[in-house]
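To keep things clear, I will list the structure first and then write my remarks on it.
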Amino acid sequence: MYVVATAGHVDHGKSTLLRALTGMEPDRWAQERERGMTIDLGHVWTRLATGHRVAFVDVPGHERFLGNMLAGVGPVPAVLFVVAADEGWMPQSAEHLAALDALGVRHGVLAITRSDLCEPEYAAQEAAGMLAGTSLAGLPAVPVSATTGAGLAQLRAALAAMFDRLPAPDPLAPVRLWVDRSFAARGSGTVVTGTLGAGTIRVGDELHCGRYGRLRVRGLQTLQEQVDSVAALARVAVNLRGADHGELPRGTALLTPDRWCRTDEVDGWLEPPGGTGTAGDPVPVPVPPAALTVHIGSARVPARVRLLGHGGPGGRLAVRLHLSAPLPLHVGDRAVLRDANRARGERIVGRLTVLDVRPPRLARRGAAAELAGWLAGLAGPPDGAALLARRGLLRRQDLALMGRAAPAALAVGDWLLDPDHAGALRGRLAAVVHGYATAHPLEPAIPVEAARHLLGLPERRLVEALVRPPLRLDAGRIADTGGRTGLPAPIAAALVRLRADLDPHPFQAPEQQRLTELGFDHRSLAAAERHGELLRLADGVVLLAGADERAARILAGLPQPFTASAARQALDTTRRVAIPLLELLDRRGYTERVDQTARRCRPNPVQR
């Protein structure tokens, strides 16, 4: 199926032309038929001789109903632009063109209606000149008369040729169905209609609907045919379970769960509208009013505009929008910005290209100018790599919500770290580890959680992933094995006094009272041990570093095997020291047990 919206000035024959093409009545309301003017959206369809099925969305042409017009064309990729031969280009023709250009609609056919009343050449040339410089430049023009039927065959052929040029929609994309009509069907409950621009909807699917939560699809229709699934592009009616009539007004969106970012703040480019000046003359973007209306899909939301910076190709502006209600958006979305203030004259201000749906706070001085520079420097909507580089750290799910694929990066669970940011963090982590060791010489090393806090990271596993030699992660702490700092002067002085005590009797470990007299407590003993100055045999039993090797050499000179008593005498020490020392020698591979009372030295000891 192909979906086409009409566009053009009021009373230029849009609805009349659709009646002639389809044999259906696009005006749903009696008031519309009585007044001969489309007020709301109409929907009709037909099958061309080529086999193409085409649905038309008929939009109002009167300026008072521009919001309804935007709701109709918002999700539609192609347009049937109507200009009457007897009136030519009119104000709402320009307004509709500005809207279509803002939405980036690039495919369509120009129908010159009432060609039986006036020669169409002048109107066609005038319209072509106004289309020049917009996204619809170069549309094929077809003179047609809905009254006589002249040109209808050529118009159908031009539509069929246009369909062959349309880009194929992605049936696997996440669904965002903008509701343009909601009603209660007898025996079925709530039914909504809309244009499915991408993705696939199936009976039984759950679709998210903002504050209404998840709603289940209980039935589907397309062109009044009951179906089990609908793939884009299509006009679709969705019967929903879990919603009451009136709860899903126009502008509501049905979404694939967990694939869209609902946001009330966006950054983007504001670019000039097309078709509002003479052909070839770009219209500069004036400083926008502080209050505008954002139109995207069938939604319209008031917004406050903050100008971030001027400049950029085409005179575009960098802006931040604060929306009065959240919208489901992706990076790269396009919206129309409209000044709805009648005192100033309602007008299309320009098109918004969404560049960030989760913009950073602008708390510090110069942040807005820095952001404006980044936005102005973008060649197009940023991809996942650019968004990650801007932030340094993002979850995969955050990028999915933004509509961007995850780039190659350091992955830690669901987190992604930009390579440059990861390198900078490693440098900061090394400085943090060194600074902590200097400030806390008696501590083993910095706790991971303390490092996380100092680096401002959201999870400790991100800190652990940054550890590279000479940093080492051990028991929840990070140490610098290549940059150990010296011991504080009081501990170094205590070591000098301890060496003097042990020099004549290296295996006579001092008692706890003597350690205290020398200047040691529990923390200072631990610090000296970490620095490799002491050998701890048991609580309160310490010798100088290297005492294990020295003991092994002495014991190797004893008759083998030997008892603990013989070892104690050879080492000139007490049982308090000898037993834990022998057990340490066993663990380190210097000695081994022969039986319950004796052990021997290994001929070729290898430390374990």
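The values are calculated or read from the model by the stated rules, or taken from the named source; none is laboratory data. For clarity, every value in this text was computed on a predicted model and none was experimentally measured. Cβ coordinates were reconstructed from backbone atoms using ideal geometry, including for glycine residues, and neighbour counts include every protein chain displayed.
Before moving on, here are some points about what is shown:
- For the range 330-347, a residue qualifies if it is at pLDDT below 95 and of a type in the set (A, V, I, L, M, F, W, C), and the qualifying residues are A335, V336, L337, A340, A343.
- Lone unmet requirement of (1) more than 43 Å from the chain's Cα centre (by Cα); (2) of a type outside the set (D, E); (3) buried (at least 17 other Cβ atoms within 10 Å of the Cβ) for P77: (1)
- Of all the criteria given as (1) out of contact with any Phe, Trp or Tyr (no Cβ under 9 Å at 6 or more places or on another chain); (2) within 29 Å of G519 (Cα to Cα); (3) modelled with pLDDT under 90, the one not satisfied by R472 is (2).
- In the set (1) out of contact with any Ser or Thr (no Cβ under 7 Å at 6 or more places or on another chain); (2) closer than 19 Å to D572 by Cα, F507 fails one condition alone, (1).
- Output for the range 539-571, where each listed residue is out of contact with any strand residue (DSSP E or B) (no Cβ under 9 Å at 6 or more places or on another chain) and more than 23 Å from R602 (Cβ to Cβ): D539, G540, V541
- In this structure, L136 does not qualify as under 37 Å from the mean Cα position of the chain (by Cα), assigned to a strand (DSSP E or B) and of a type outside the set (F, W, Y).
- Qualifying positions in the range 529-538 - in contact with a helix residue (DSSP H, G or I) (Cβ under 6 Å, 6 or more places away or on another chain) and either among the hydrophobic types (A, V, I, L, M, F, W, C) or free of Cβ contacts under 8 Å to residues at least 24 places away in the same chain (or both): L534, L535, R536, L537, A538
- Among residues of the range 438-447 being surrounded by fewer than 19 Cβ atoms within 10 Å (Cβ to Cβ) and of a type in the set (A, V, I, L, M, F, W, C), the one that is nearest to D414 (Cα to Cα) is A439.
- Flag if P171 is at negative phi, surrounded by fewer than 20 Cβ atoms within 10 Å (Cβ to Cβ) and in the same structural domain as L117 (by TED's automatic domain parsing): no
- Residue that is farthest from R334 (Cα to Cα) [pool: residues in the range 52-94 that are at pLDDT 90 or above, part of a loop (DSSP other than H, G, I, E, B) and of a type in the set (G, A, S)]: A85
- Matching strands (runs of 3 or more DSSP E) fully within the range 330-417 where at least 3 residues are touching a Leu at 6+ places or on another chain (Cβ under 9 Å) and surrounded by fewer than 21 Cβ atoms within 10 Å (Cβ to Cβ): 410-412
- Checklist (1) crowded, with 17+ Cβ neighbours inside 10 Å; (2) within 28 Å of P257 (Cβ to Cβ) applied to P458, failing item: (1)
- Residues of the range 31-51 satisfying the condition of being among the polar types (S, T, N, Q), more than 17 Å from G13 (Cβ to Cβ) and modelled with pLDDT under 75: Q31
Rundown of residues vs (1) out of contact with any strand residue (DSSP E or B) (no Cβ under 7 Å at 6 or more places or on another chain); (2) outside any loop (DSSP other than H, G, I, E, B); (3) of a type outside the set (A, V, I, L, M, F, W, C); (4) over 15 Å from T193 (Cα atoms), yes/no style:
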{"residue": "R235", "(1), (2), (3), (4)": "no, yes, yes, no"}
{"residue": "L240", "(1), (2), (3), (4)": "no, yes, no, no"}
{"residue": "P249", "(1), (2), (3), (4)": "no, no, yes, no"}
{"residue": "D258", "(1), (2), (3), (4)": "yes, no, yes, yes"}
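- Residue in the range 200-208 that is touching a Ser or Thr at 6+ places or on another chain (Cβ under 7 Å) and acidic (D, E) present: no
- Test: A146 is in a helix (DSSP H, G or I) and more than 30 Å from W269 (Cα to Cα): no
- Of all residues making up the range 541-555, the number that are surrounded by fewer than 16 Cβ atoms within 10 Å (Cβ to Cβ) and either among the small types (G, A, S) or at pLDDT below 90 (or both): 2
- Within the range 476-528, being without any contact (Cβ under 8 Å) to a residue 60 or more places away in the chain, basic (K, R) and part of a helix (DSSP H, G or I) holds for R497, R499, R514.
- Selection status of A578, touching a Lys or Arg at 6+ places or on another chain (Cβ under 6 Å), at pLDDT 90 or above, surrounded by 13 or more Cβ atoms within 10 Å (Cβ to Cβ) and within 30 Å of A493 (Cα to Cα): yes
- Top-ranked residue of the range 579-602 - restricted to ones that are part of a helix (DSSP H, G or I) and without any contact (Cβ under 8 Å) to a residue 24 or more places away in the chain, ranked as nearest to the chain's Cα centre (by Cα): R587
- Test: residue in the range 228-239 that is buried (at least 16 other Cβ atoms within 10 Å of the Cβ), outside the structural domain of L327 (by TED's automatic domain parsing), within 27 Å of the chain's Cα centre (by Cα) and within 18 Å of A325 (Cβ to Cβ): no
- Pick from the range 1-30, criterion in a loop (DSSP other than H, G, I, E, B) and under 25 Å from L97 (Cβ atoms), ranking: modelled with the highest pLDDT: H9
- Consider the range 176-224 and keep the residues that are β-branched (V, I, T) and assigned to a loop (DSSP other than H, G, I, E, B). The one that is modelled with the lowest pLDDT is V179.
- Any hit, the range 530-552, residues being more than 22 Å from L495 (Cβ to Cβ) and part of a helix (DSSP H, G or I): yes
- All told, P171 falls short of being under 24 Å from W45 (Cβ atoms) and either out of contact with any strand residue (DSSP E or B) (no Cβ under 8 Å at 6 or more places or on another chain) or assigned to a helix (DSSP H, G or I) (or both).
- Checked against (1) assigned to a helix (DSSP H, G or I); (2) in contact with a helix residue (DSSP H, G or I) (Cβ under 9 Å, 6 or more places away or on another chain), A158 passes all but a single condition, namely (2).
- Near pairs, Cβ below 6 angstrom, 6+ apart or cross-chain, from the range 347-366 (in the same structural domain as L378 (by TED's automatic domain parsing)) to any residue that is assigned to a strand (DSSP E or B) and among the aromatic types (F, W, Y): T353/W269
- Scanning the range 511-538 for residues that are closer than 27 Å to C601 by Cβ and of a type outside the set (A, V, I, L, M, F, W, C) yields E529, G532, E533, R536.
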